[in-house]
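Working notes for the structure below.
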Amino acid sequence: VFEIGRKRALDEVKTWCPVYVSFDMDVLDPAFAPGVSHREPGGMSVREVLEHLHSITATIVGADLVEYNPSRDVSDLTATVAGKILKELLGKMLMACNCP
C-alpha cells in the first residue's frame with residue numbers, strides 16, 4: 001500500500017464489487033490502539049481509518065477485525081476503537097443492502 005499510496009489503493013478498491021473488508025488493528029498507531037499484537041509507532045489514526053472506510057463505494061458483503069489483543073489493552077481503549085470500526089462497517093453493510 002505504501003508503494004502505490006493509500007488513496008490510489010482505495011481508488012482501486014472502489015472499482016471492485018462486492019468486497020470483503022479485513023481490518024487489521026495493527027495498522028493503528030499505539031496511541032489510539034495499544035491492545036494489539038504488534039505495536040508500531042507511526043500508524044494510522046482512528047480518524048484516518050474512518051475516512052478511508054467511508055470512502056469505499058463498493059458494496060461491502062462481509063468484514064472481520066483481527067489482531068486485537070485484550071491482554072495488552074489499556075483502559076479498554078482498543079476495545080472501544082474496535083467497536084467503533086465494527087459499528088461503521090456494519091452501518092455501511094446495512095446501508096448497501098437497503099434493509100428496512
Residues of region 29-67 with amide N under 12 Å of a point placed 7 Å along Cα→Cβ from Glu88: 44-56
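Based on the Cα atoms of the chain, what semi-axes does the equivalent ellipsoid have, where each is the square root of 5 times one gyration tensor eigenvalue, given in whole Å with the largest first?
Square roots of five times the eigenvalues give 24, 17, 10 Å.
Counting DSSP beta bridges in region 6-94, what percent are antiparallel, to the nearest 5? Please report the intermediate quantities before stating the final value.
Numbers: 1 of 8 bridges.
The answer is about 10 percent antiparallel.
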Exposed chymotrypsin sites (Phe, Trp or Tyr not before Pro) absent - longest run of the chain, DSSP non-H/G/I/E/B, at most 15 other C-beta within 10 Å: 17-100
Helix runs (DSSP H) in the chain reaching 24 Å along axis by Cα, Kyte-Doolittle at least 1.0: 77-97
Within region 14-57: backbone nitrogen closer than 18 Å to the Arg8 label point (7 Å, Cα to C-beta): 14-16
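Laboratory data are not the source of any read-out in this text; all were calculated from the coordinates shown. What you see is a predicted model; the values in this text were computed from it and never measured. Every residue, glycine among them, receives a Cβ derived from its backbone with ideal geometry; neighbour counts consider all protein chains shown.
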